[in-house]
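Student: Can you keep this structure in mind? I'll have questions shortly.
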Amino acid sequence: MVNSSQAQQATIEDLDLEKRVAEYLISHPDFFAHNTDILAAIQVPHLVGEGAVSLIEHQIRVLRKQLESERNRLAHLISRAREYEELSARLHNLTLHLMSVSDSEHLCALLREAMLREFNAEMVTLKLFPLGTKADGQEDPLTTAFREFIDREHTLCGPLDETKARMLFGATEINRVRAAALVPINADGKSGVLAIGSEDPERFHPDMGTDFLDRLGEIVSHKLRNIPLDHCGRS
């Protein structure tokens, strides 16, 4: 507990410190000219009528709010840049592994492992659309359901209806799939979709950026030009 003697001593020390600071500033009148960041952080009163605020003080308050807003925006940009850098490094690592794959079994296993472990996916499957018609003259149901997706250039994100969820992830996963990212796959006559499902309805939304997923689709598409593949089972 601080007694009265200690409190008095602290007050004396504070007053002495204030005196020395004041003397320093007086002897260095250009201090704030070289240290504008300090000036922006302190409060300098401007004596006007009681209850009034001078124009200069009001301007300083506005500038401080703008500075705080810019600092928050910069912190957000730095955070996003770091996330993007991490994703780019993971995508580069996946690309290197895909270069060494020589069969479809390893390709599917590698994609599942990378998406589930490195990119925090919950469900992953790769489906290719059969071209032409079946022996009975009917078009394949998968191709019919995703007709608007064939030859698509960019990833489609958002909620997934029950029929498409069943075709991609199976009947047992329908209730789990609340949102999905459908990455287009196009490789020399092979057209399909790399589907990434999530139980979080906010994980994939229609207005999110898809640059990273689009690049992933291009990499997989390029690899499929050299490896025969039907479908990757769901995971």
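Student: Compare the peptides 12-22, 104-114, 174-184 by average per-residue count of other Cβ atoms within 10 angstrom and give them in order, highest first.
Tutor: Packing order, densest peptide first, comes out as 174-184, 104-114, 12-22.
Student: Identify all aspartates and glutamates with a Cα-Cα distance to LYS223 below 18 Å; exclude those on the same chain that are fewer than 8 residues away in sequence.
Tutor: ASP103, GLU105, GLU113, ASP151, GLU153, ASP188, ASP214
Student: Here's something else I'd like to know. Peptides 208-216, 187-195: what's the order by average Cβ count within 10 Å, highest mean first?
Tutor: In decreasing order of mean packing, 208-216, 187-195 become 187-195, 208-216.
Student: Over the stretch 142-217, with a single point scatterer placed on each C-alpha, what log10 of the ratio I(q)/I(0) does the Debye formula yield at q = 0.18 1/Å?
Tutor: Summing over Cα pairs of the stretch 142-217 leads to -0.69.
Where a number appears in this text, it was derived from the coordinates with a stated rule and is not lab data. A quick note: this is a predicted structure, and the numbers were derived from the prediction, not measured. Note that each Cβ is placed from the backbone with ideal geometry, even for glycine, and that neighbours are counted across all protein chains shown.
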